[in-house]
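Visitor: Handing you this structure, nothing more for now.
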Amino acid sequence: MSERGALRARLDRLAREVAKFGVVGALGLVVNIAVSNLIWRTTDIPTVRAGLMATCVAILFNYVGFRYWTYRDRDKSGRTRELTLFLLFSAVGAVIETGVLYAATYGFGWDTPVQSNVAKVVGIGIATLFRFWSYRTWVFKSLPAKEAVVVAERFPGRRQPSEPVAPPDTVRN
């Protein structure tokens, strides 16, 4: 494959990864905002604490989506390590997200439902950039190239390298 073709293939893979990450993230955003608003409207829990609780629910939702859909083809050998790193980087993202909500609520006095939702979405947006980088770099690591080839060769319907290739005009009984 040419250098240009290899670059194109890498960009295509990255675009698919970003799209899948975005779908899971968008669903996580809906979960986060819905839980936040549910807590804000039905309890007396302070805005920032309720926002952090909603973030924790969304983090659990997102882990399932990332592990079993976005990064399902990635290394699965160290689940304890993976989950620990996921929770660590998610906590950093939660600090970023909650920090924006905290600054809006207590720093600027923006505590109406609309202002709280806008601050929450802005915080989630900033934290998402950090999470995407950290998850793909440290948590859901790519399989080494040799292992990826072996996994691809085991894909059902693919001819194994040891199988002979029959000429097209030969009929097998």
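Visitor: Quick check on my filter: what residues within region 105-142 are within 14 Å of Ile33 (Cα to Cα), open to solvent by 50 Å² or more (accessible area, probe 1.4 Å) and either of a type in the set (S, T, N, Q) or modelled with pLDDT under 90 (or both)?
Guide: Restricting attention to region 105-142, the residues satisfying the condition of being within 14 Å of Ile33 (Cα to Cα) are 113-125.
After this cut, where a residue has to be open to solvent by 50 Å² or more (accessible area, probe 1.4 Å) as well, the list is 113-115, 118, 121-122.
The answer is Gln115, and nothing else.
Visitor: Taking the condition of a type in the set (Phe, Trp, Tyr), modelled with pLDDT of 90 or more, under 18 Å from Val24 (Cβ atoms) and open to solvent by 80 Å² or more (accessible area, probe 1.4 Å), does Phe61 pass? Let's see the steps before the verdict.
Guide: On the way: of a type in the set (Phe, Trp, Tyr): yes; modelled with pLDDT of 90 or more: yes; under 18 Å from Val24 (Cβ atoms): yes; open to solvent by 80 Å² or more (accessible area, probe 1.4 Å): yes.
For Phe61, the condition - of a type in the set (Phe, Trp, Tyr), modelled with pLDDT of 90 or more, under 18 Å from Val24 (Cβ atoms) and open to solvent by 80 Å² or more (accessible area, probe 1.4 Å) - is met.
Visitor: Search region 31-58 for residues that are touching a residue at least 24 places away in the same chain (Cβ under 8 Å) and pair each with any residue that is part of a loop (DSSP other than H, G, I, E, B) and open to solvent by 20 Å² or more (accessible area, probe 1.4 Å) when their beta-carbon atoms are under 8 Å apart and the residues are at least 6 apart or on different chains.
Guide: Note: pairs meeting the criteria are Thr47/Asp111.
Visitor: Next question. So which residues in region 7-24 are open to solvent by less than 40 Å² (accessible area, probe 1.4 Å) and either more than 20 Å from Arg72 (Cβ to Cβ) or touching a residue at least 40 places away in the same chain (Cβ under 8 Å) (or both), if there are any at all?
Guide: Across region 7-24, the qualifying residues are Glu17, Phe21, Val24.
Visitor: Is it true that Val100 is within 22 Å of Phe66 (Cβ to Cβ) and modelled with pLDDT of 95 or more? Explain how you work it out, then say what you get.
Guide: Numbers: within 22 Å of Phe66 (Cβ to Cβ): no; modelled with pLDDT of 95 or more: yes.
In short, no.
Visitor: Follow-up. Could you tell me whether Ala50 is under 18 Å from Val24 (Cα atoms) and open to solvent by less than 60 Å² (accessible area, probe 1.4 Å)? Before the answer, list the steps.
Guide: On the way: under 18 Å from Val24 (Cα atoms): no; open to solvent by less than 60 Å² (accessible area, probe 1.4 Å): yes.
Criteria not met by Ala50.
Visitor: Out of everything in region 72-104 that is among the polar types (S, T, N, Q) and closer than 19 Å to Phe130 by Cα, what residue ends up being least open to solvent (accessible area, probe 1.4 Å)? Can you show your working first?
Guide: Step one: filter region 72-104 for residues among the polar types (S, T, N, Q), giving 77, 80, 84, 90, 98.
Of the ones still in play, those that are also closer than 19 Å to Phe130 by Cα are 84, 90, 98.
Numbers: Thr84: 84, Ser90: 1, Thr98: 22 Å².
Applying the filter and picking the extreme gives Ser90.
Visitor: OK, next. With respect to Leu27, is the statement that it is over 21 Å from Trp138 (Cβ atoms) and surrounded by 13 or more Cβ atoms within 10 Å (Cβ to Cβ) true? So that I can check it myself, show each step before the final result.
Guide: On the way: over 21 Å from Trp138 (Cβ atoms): yes; surrounded by 13 or more Cβ atoms within 10 Å (Cβ to Cβ): yes.
Considered against the rule, which asks whether it is over 21 Å from Trp138 (Cβ atoms) and surrounded by 13 or more Cβ atoms within 10 Å (Cβ to Cβ), Leu27 comes out as yes.
The values are calculated or read from the model by the stated rules, or taken from the named source; none is laboratory data. Keep in mind it's a predicted model, so treat the numbers as computed, not measured. Neighbour counts are summed over all protein chains in view; Cβ atoms, including those assigned to glycine, are modelled from backbone coordinates with ideal geometry. Calculation scope for accessible area: heavy atoms of the full protein, side chains included, ligands and nucleic acids excluded. Shrake-Rupley method; radii C 1.70, N 1.55, O 1.52, S 1.80 Å.
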